[in-house]
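Reviewing the structure listed below.
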Amino acid sequence: MKLIVYRNEREASAATAEALASAIVRHPAMVLGLPTGRTPLPLYARLAELREQRHFDASRVTTFNLDEFWRLPASHPGSYRAYMERHVFSRLAIAAGQVGFLDGMAPDAETECLQYERAIRAAGGLDVLILGIGTNGHIGFNEPGASLRARTHLAALKPQTRRANAVFFEGDASKVPGQALCMGMGTILGARRIILMAFGRGKSKAIQGMVQGPVTTRLPASFLQLHADVDVVLDEGAAERLAASQAG
Ligand code: GLP
């Protein structure tokens with residue numbers, strides 16, 4: 001894991017947006033895996049600015065999102081699809097045909113998950129996967145527990161995770177769906193390159209465990225230690241518990 005610590009979230013997001021924009025210039029038909037949440041918002045905003053200033057053209061990029069709430073229509077303002085339309089797809093001008101998304105209203109979860117895995121494979125796999133991390137070390141909706149699922153699946157959300165997502169549901173955790181479709185840890189580790197971003201002291205414990213702890217299903221992000229190309233992009237708050245020798 002390569003740790004990159006910036007003074008603040010703004011600098012970290014700007015640098016990551018520039019790196020991504022350059023990667024898209026080099027590989028215009030790149031396949032991107034993308035997360036939602038508060039963490040990537042400054043990254044998406046900066047990427048949109050760079051696109052609007054014509055630093056790159058995203059019209060040939062294909063995207064796959066990490067997860068989506070189960071039984072929430074895409075038109076619901078709290079859906080991850082609505083979030084992505086607002087912050088990414090419209091502003092980067094990515095055509096609907098190039099957007100891969102889990103359908104929370106699909107008739108059958110298992111079929112939907114299998115189709116998603118197939119679509120990712122057919123696109124040639126994920127070139128770059130951007131990730132956030134939950135305060136309990138979850139990735140996407142791969143929550144801590146006795147076991148983890150390898151492939152895309154229907155996951156149950158922990159109360160802590162529902163509370164963290166309440167911001168997208170009028171601040172009311174009870175309105176956050178209890179289940180979501182989500183890429184599995186094997187799907188995630190199949191990406192050629194991973195960039196995980198975390199900001200703020202509230203993430204520092206999860207980051208410490210992810211980087212310095214054992215690989216354990218109790219902290220799903222620790223599985224990223226098994227991947228050969230992971231950049232961990234942090235601000236000083238998220239990095240505060242890391243031993244000095246490992247940060248920088
Ligand atoms: C959610 C999402 C994750 C995200 C995490 C952290 O549960 N499913 O993909 O990484 O929360 O969110 P935030 O960036 O808002 O802290």
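Mind checking which of Pro220, Leu102, Thr16 is farthest towards the positive end of the chain's charge dipole, using Cβ charges of +1 (Lys, Arg) and -1 (Asp, Glu) about the Cα centre? Checking the options against the dipole of the chain, the answer is Pro220. Counting Lys and Arg as +1 and Asp and Glu as -1 over every other residue whose Cβ lies under 13 Å from the Cβ of Gly145, the net charge comes to +2. Potential lengthening of the chain between Gln179 and Glu49 amounts to 43.4 nm, from the contour at 0.36 nm per residue minus the alpha-carbon distance. Relative contact order, whole percent, for the chain stands at 25, derived from Cα pairs under 8 Å and 6 or more residues apart.
What FRET efficiency would be calculated for the residue pair Ala74, Arg7, taking the C-beta separation as r and a Förster radius of 45 Å, to the nearest 0.05?
Values: r = 37 Å, r/R0 = 0.83.
Here the calculated transfer efficiency is 0.75.
Report the gain in length on full extension from Thr217 to Ala96: 0.36 nm times residue separation, minus Cα-Cα distance, nm rounded to one decimal.
On the way: separation 121, 0.36 × 121 = 43.56 nm, distance 3.50 nm.
That works out to 40.1 nm of additional length.
What does the convex hull of the Cα atoms of the stretch 44-142 come to per residue, in Å³, rounded to a whole number? Can you show the working numbers first?
Working: hull volume 11.9 nm³, N = 99.
Once divided by residue count, the hull of the stretch 44-142 is 121 Å³.
The orientation-averaged projected area of the convex hull spanned by the Cα atoms of the chain comes to 12.2 nm².
What net charge is computed for the residues neighbouring Lys205, neighbours being all others with C-beta under 12 Å from the C-beta of Lys205, Lys and Arg scored +1, Asp and Glu -1?
Details: positive: Arg201, Lys203, Arg241; negative: Glu240.
Spelling it out: positives minus negatives among the neighbours equals +2.
Amide H contacts for Leu131 (H built 1.01 Å from N in the peptide plane; partners 5 or more residues away or on another chain; cut-off under 5 Å): Ile195, Leu196, Met197.
Let me have the relative contact order for the stretch 153-248, percent, based on Cα pairs under 8 Å that are six or more residues apart.
26 percent
Under 5 Å from the amide H of Phe64 lie the amide H atoms of Leu32, Gly33, Leu34, Gly100, each residue being 5 or more positions distant or on a separate chain, with H modelled from the backbone and absent for Pro and chain starts.
No lab work stands behind these numbers, since they all come straight from the coordinates. Everything numeric here is computed off the predicted structure, so don't read it as measured data. Because the Cβ atoms are built from the backbone with ideal geometry, glycine has one as well, and the counts that use them run over all protein chains shown.
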